[in-house]
1. Just checking, does the range E:13-25 include any residue being away from ligand 2 (no atom under 16 Å from the Cβ) and farther than 21 Å from E:Ala230 by Cβ?
2. Taking only the range B:30-69 into account, find how many residues are more than 14 Å from chain E (Cβ to nearest Cβ) and over 27 Å from B:Leu113 (Cβ atoms).
3. Regarding D:Pro131, is this residue open to solvent by less than 50 Å² (accessible area, probe 1.4 Å) and away from ligand 1 (no atom under 16 Å from the Cβ)?
4. Evaluate the following for A:Glu43: is it surrounded by fewer than 22 Cβ atoms within 10 Å (Cβ to Cβ) and either part of a helix (DSSP H, G or I) or at pLDDT below 85 (or both)?
5. Among the residues in the range B:84-103, are any within 24 Å of A:Thr155 (Cβ to Cβ) and of a type in the set (S, T, N, Q)?
6. Tell me the residue from C:Glu116, C:Glu125 that is within 14 Å of chain D (Cβ to nearest Cβ) and either away from ligand 3 (no atom under 16 Å from the Cβ) or not in a helix (DSSP H, G or I) (or both), please.
7. Given the criteria in a loop (DSSP other than H, G, I, E, B) and either more than 9 Å from every other protein chain (Cβ to nearest Cβ) or modelled with pLDDT of 90 or more (or both), does A:Ile81 qualify?
8. Would you confirm whether any residue within the range D:36-55 is without any contact (Cβ under 8 Å) to a residue 12 or more places away in the chain, small (Gly, Ala, Ser) and within 30 Å of D:Phe222 (Cβ to Cβ)?
Amino acid sequence: MEWQPLILTFQLALVTTVFLLIIGIPLAWWLAYTNRKTKAVVETLVTMPLVLPPTVLGFYLLVAFSPANAFGSWLDEWLGIRFIFTFEGLVLASIIYSLPFMVQPVQSGLANLPSQLREASYVMGKSGMTTLFKVLLPNIKPSLLTGIVLSFAHTIGEFGVVLMIGGNIPGKTKVASIAIYDEVEALNYSAANMYSIILFAITFLILLSVYLLNGGYFKSAGR
Amino acid sequence: MEWQPLILTFQLALVTTVFLLIIGIPLAWWLAYTNRKTKAVVETLVTMPLVLPPTVLGFYLLVAFSPANAFGSWLDEWLGIRFIFTFEGLVLASIIYSLPFMVQPVQSGLANLPSQLREASYVMGKSGMTTLFKVLLPNIKPSLLTGIVLSFAHTIGEFGVVLMIGGNIPGKTKVASIAIYDEVEALNYSAANMYSIILFAITFLILLSVYLLNGGYFKSAGR
Amino acid sequence: MIHISLQKILNTAQNLMTLNIELALERGQFATLYGASGAGKTSTLRMLAGLMKPDEGQIIVNDKTWVDTDKGINLPPQQRRVGLVFQDYALFPNMTVRKNLEYALTRRQKPDIVDELMDMIELSELQDRKPGTLSGGQKQRVALARALVQRPDILLLDEPLSALDSKIRIKLQDYLQKVHRQYGLTTILVSHDIPEVFKLSDQVYVLEDGVVARQGSPAEVFGYGQMSGKFRFTGEVLEIRKEEVVYIVTVLIGTNVVKVIAQESEIAGLKVGDQVMVASKAFNPVIQRVGE
Amino acid sequence: MIHISLQKILNTAQNLMTLNIELALERGQFATLYGASGAGKTSTLRMLAGLMKPDEGQIIVNDKTWVDTDKGINLPPQQRRVGLVFQDYALFPNMTVRKNLEYALTRRQKPDIVDELMDMIELSELQDRKPGTLSGGQKQRVALARALVQRPDILLLDEPLSALDSKIRIKLQDYLQKVHRQYGLTTILVSHDIPEVFKLSDQVYVLEDGVVARQGSPAEVFGYGQMSGKFRFTGEVLEIRKEEVVYIVTVLIGTNVVKVIAQESEIAGLKVGDQVMVASKAFNPVIQRVGE
Amino acid sequence: RSGNDAKLTIATSANMRFAIKELVDAFSEQTGIDCEIITGSSGKLMAQIIEGAPYDLFVSADMKYPEALYQRGFTTGTPQTYAYGRLVLWSAAEGIEPDITILTSGQINHIALANPKTAPYGQAAVEVLKHYDIYEKVEQKLVYGESISQTNQFIISGAAEVGFTAKSVVLSSEMADRGAWIAVDENACRPIAQGAVIVKSTGEMKKAEKFYAFLFSEQAKEILEHSGYAKNEYTNR
Ligand SMILES: Nc1ncnc2c1ncn2[C@@H]1O[C@H](COP(=O)(O)OP(=O)(O)OP(=O)(O)O)[C@@H](O)[C@H]1O
Ligand SMILES: Nc1ncnc2c1ncn2[C@@H]1O[C@H](COP(=O)(O)OP(=O)(O)OP(=O)(O)O)[C@@H](O)[C@H]1O
Ligand code: MOO
Ligand SMILES: [Mg+2]
Ligand SMILES: [Mg+2]
């Protein structure tokens, strides 16, 4: 058993969750307050990656980002970014795949906040950004934590997409989920169990502490 | 291309979502209102199946429910239920795997409702059940729909667990996600694309209509 | 008879407050709980309704024990015949006015009472509307009607009228009086509004820091006594103006502005905003209806 | 000078109502919007603050155009120098009292004003508490202080005191008066409470179904005139009792109960709950401070 | 990622999972070249190579995928057969002696095999069933694994009482003494020819060629043979 896949997994989950916060929060904000007709379409699009089997989604991403392709080679040549068989690629794929788990809870959290909080801030001359970060987000901590927990856990367990686009390269793209899968396939059940238990234990502790914190918030939010 | 895997997929997603409603709503209800210390532990446990790679989770389920095992054979002999290589098994596995996507949104929806609604109903002599179904749930439609959408979409895309516990039997456990994967592996990219497009299109339409409905609700809930 | 004896430690913002309430209400009485914010009025009602568990105490309603902490009895809200009107109405947003009322029906009840109440409280025209589209006064009437559907033994009202304008307020006070009499209810009202207390209640309990500090009829409690020959009014000073050798003090009494001529000695230390009493030695009032 | 001329079609519960408001306020004036529920008071304030877009109209504040629909001008709330106190306070639950005030500071402002306001409105002791732990009156004071931090041109108050008990209410009215004068504000208050309107405002606008039906000083609008020699009080009939040949009518005036002897002819058609006027021909009032 | 310390990356089909380890160990000892093994289903590995996966060699379960890669110009040469796979019938369930004849009995509820659409061992298994003329009878009992690996999980967990897998699996150290197996008559199906290719345009051409040569060496043949593979199409002909 090696520690590297486990470390890589938590790195991936952490980086992905951070990016999901950065992307998901503004998106959720827009979705929560917009009256545009496009809203339902965007909501649906955000959910769609869930619908494809992960390996197939991975396959399409593989084709899209392949340097053999116009788009992939453009990324490579002009931005110097490669998304396949790299850690960056895993992050990108995980972001696409876990996006609804961040966006949905944050969106419904924001939609449930009394609109006066937002309006009070605007009347004080504050920008939308300031309002979002100083007023709105601190008051939907339970929803934010739900989003973070679901994204984090889902990324840890992600496997199909990651296997396809990452290719199981030790130290680079061989995350714990793939390592466990590998050991099961290799009939090394004791190693697989070992990995599983450790992954389970660490994640259990992380989630438990989050939920214990969350419990406190939930109570204060639930009037 | 066959239609059977697609039909099976939507059957599975539908049945799973219905069961998730039946199981998830009482669980979410308990979690939303309990003050027990065990609450955080249950919340964590609900999320844990997400953390394992689906194929590995599937393997553990396979071992647990195998008729070669005490538990599996007990189920078989006494209840006549078999969970491996059957549609029932796919449903069970999908329920376990998608549980957090139903529980979390419903729970935070309930926690955000003013407690007076519940109390008013109790003072009128109404039971918890009546209160839940007549008063609470009708007032958290956006959260309920979020839970339904995430569970439904996630089940449609589920693949690893289903592959492991289902055994890819045409007409019984060969759902669309597996059919697509099969075609990709067999280098039949055009068939894979065909399946994907149809799956995508149908699901897109389903989700879009749900979100269009939902949009109306969100607005009225967002004061 | 309703005996209430409750103790509960409440954690207020900074410190602990012990709520220690003793009340004995006659059947059919209209009682008011009066007191400052945080005195424990809502908590008392919540314990009566079974929504909050007292640390210690008893509630005995018409010889039936609802609460007895010594014996471990604490009936759930479902088993107490209580009607409760929440300050923020707590109407069910998903149901129409009629459905809100019908929801409250017990299984054995005839549904006639719904129409009867809607007639009495003038809700029939609103019956198909959802609470979200009602004005505050209309919502309040629905909440009141809903609390009456089950014909409760005790009707609990938590500041039901405080957010309403005076016209609607007076109308609702009338409804309250009407249903209280018609259904022979025992009613406990929480109110901050002294005229309202005067108008409605037989008995006032003044809560201060969790205990009943004073009790009696409104006139006794608010200290105006029963007047007959001599008249006294309390009001608030709006303005003090010096005019030649005397002072003219403008006083707001209810919604009436009165100007009183006073000597310098009379107004020593008096300033705008002070509560004052305006009294007269000889006053022959005539009464006259005000055109509506 | 503040010129306001706004039209907006509002969809009320069943039908459409056209809000059509014309106001011209002096700088430094304390104006009140008075009217029944649903008359359009809140909508008017929201259009002033930039939270609702009028269909047509203009808002010109001290020669600066905030809104001109013909020219397509509609400044966002951020660019209007407005302070707004919401009816339900809208304090930020995640911030302490001090942080709530500090959040309102503009970048160029010295933070001294926060302490100044906390002193003036007696919030210093509460500065480290979160809104959730404050009583209604305390919350209201914080909301008021917060609206003043930016020294707005116009202070908008939407029924700020309606849910408070009378003691706190009077205290907050005093604060309002104090800051209005001290900062030379133009204030627009929405209130249902006639004594409050009397006490605070220079000018009252009565809204009825979306238009200004009457306007003037409180005394003019509420029709009591300026009294001097003769006294009249309006009140409500609490009880009519026959005693031998005369009737004794109990009238509630403000918080005062008055008994008036009346002839049968005087009380023809009078019933409990009616508004009446009690007047006297000869009345020599004396004034006396009430011990607090 | 070139240079002397760079590792050689070898993409391998699922059935070769056990044998490749031994091959690589021997190769590394001989040449001092470190190798990285990536295991997966043949179809997935091929798709990844087409999209630019950094694999130096592709050691497949059959000739079809390497051939397809060659056709598309991703390899340095035509695929060569390095070994022939052998099919076994395996059971981990108690009291079951694997044999073709029991497949039709009521004792057997499920027969596991790899997906014949994508895995050569699955194809071979179907041929065997057809050879004995029992395919129609047992069709309802068949459950399909994604690859040989997943088929193994079905068998080991006892979920399927019996199943077809590669001989290399049951001979592996991990699975020695697990359940019972019999070899399937090699005349019952077409031989499973397994091919390997060098992937073009990687930086490790020299090392790749060395390993390729090693794969066809006598030493490698020996390792492959005791791992469960055959040198010739038919051992006994
Ligand atoms: N469940 C509870 N447990 C402990 N303390 C509580 C609980 N609910 C309320 N309190 C506290 O008890 C005190 C009294 O609250 P209560 O709501 O009874 O006051 P009130 O007289 O109704 O005041 P108001 O006029 O503001 O409604 C408050 O300080 C409150 O913080
Ligand atoms: N954004 C909006 N668009 C259209 N109509 C609205 C909007 N907001 C409120 N209304 C409607 O306009 C009418 C006037 O509402 P408004 O809140 O201004 O009344 P108000 O005078 O403040 O009443 P209250 O005393 O009950 O607060 C109401 O019937 C309301 O339903
Ligand atoms: O080694 Mo395979 O690709 O499962 O037949
Ligand atoms: Mg209260
Ligand atoms: Mg309003």
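1. yes
2. Residues flagged as more than 14 Å from chain E (Cβ to nearest Cβ) and over 27 Å from B:Leu113 (Cβ atoms) within the range B:30-69 amount to 4.
3. No: the conditions fail for D:Pro131.
4. No; evaluated as a whole, the condition is false for this residue.
5. yes
6. That would be C:Glu125, the only listed residue that is within 14 Å of chain D (Cβ to nearest Cβ) and either away from ligand 3 (no atom under 16 Å from the Cβ) or not in a helix (DSSP H, G or I) (or both).
7. In short, yes.
8. The answer is yes; a qualifying residue exists.
The values are calculated or read from the model by the stated rules, or taken from the named source; none is laboratory data. What you are looking at is a predicted structure, and each value in this text was computed from that prediction instead of being measured. Backbone-built Cβ (ideal geometry, glycine too); neighbour counts: all protein chains shown. For the accessible areas, the whole protein counts, side chains as well, though only heavy atoms, and no ligand, DNA or RNA atoms are used. Shrake-Rupley method; radii C 1.70, N 1.55, O 1.52, S 1.80 Å.
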